[in-house]
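Quick notes on the structure that follows.
The values are calculated or read from the model by the stated rules, or taken from the named source; none is laboratory data. Just so you know, these numbers come straight off a predicted model, no measurement behind them. Every residue, glycine as well, gets a Cβ built from its backbone with ideal geometry; the counts of neighbours run over all protein chains shown.
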Amino acid sequence: MASDDGSKVFSAFSLAAALGAAALAKRGLTTTWRATTGKNPPANPADPDVSLGEAVAWAAVSGTMIGLARMLASRKAASYYARSTGHLPPQLKRDGQHADASTRPPT
């Protein structure tokens, strides 16, 4: 049951961190967009009144930066949780990126 409580705490903490990071990233992107283009960013890039280039640029930049901010915040939350408890949160598992010799295909 204690592991389940830790999982819930981490989920809430990670979600709050990711949402906060996304909000900060969007605020920064909006300010940068205004300074760069002299216009507000498109509220709805699908609107036909927004040029295709502007819509694509906003979608690419905002999607990348907000996604990156959320990922970094989630990693920071996982790192904090691991330092506090001595282990990764239950829902995070090592991704197996570091293959050892026993998992390599035969040559």
> Can we say Ala17 is in contact (Cβ under 8 Å) with a residue 60 or more places away in the chain and touching a Ser or Thr at 6+ places or on another chain (Cβ under 6 Å)?
Replying inline: no
> Any residue in segment 41-58 that is among the small types (Gly, Ala, Ser) and closer than 28 Å to Ala12 by Cα?
Replying inline: no
>> Can you tell me which residue is surrounded by the most Cβ atoms within 10 Å (Cβ to Cβ) among those in segment 40-54 that are in a loop (DSSP other than H, G, I, E, B) and among the hydrophobic types (A, V, I, L, M, F, W, C)?
In response: Val50
> Within the set of pairs 6 or more residues apart or between chains, which connect a residue that is on the phi < 0 side of the Ramachandran plot inside segment 86-97 to a residue that is modelled with pLDDT under 75 and in a loop (DSSP other than H, G, I, E, B) with Cβ atoms less than 9 Å apart?
Replying inline: Leu88/Arg94
> Thr37: surrounded by 12 or more Cβ atoms within 10 Å (Cβ to Cβ) and under 26 Å from Leu19 (Cβ atoms), yes or no?
Replying inline: no
> Is at least one residue of segment 19-30 part of a helix (DSSP H, G or I), hydrophobic (A, V, I, L, M, F, W, C), surrounded by fewer than 12 Cβ atoms within 10 Å (Cβ to Cβ) and modelled with pLDDT of 90 or more?
Replying inline: no
>> Any residue in segment 55-69 that is surrounded by 13 or more Cβ atoms within 10 Å (Cβ to Cβ) sitting within a Cβ distance under 6 Å of a residue that is aliphatic (A, V, I, L, M)? List the pairs, counting only those 6 or more apart or interchain.
In response: Ser62/Leu29; Met65/Ala25; Met65/Leu29; Ile66/Ala22; Ile66/Ala25; Ala69/Ala21; Ala69/Ala22; Ala69/Ala25
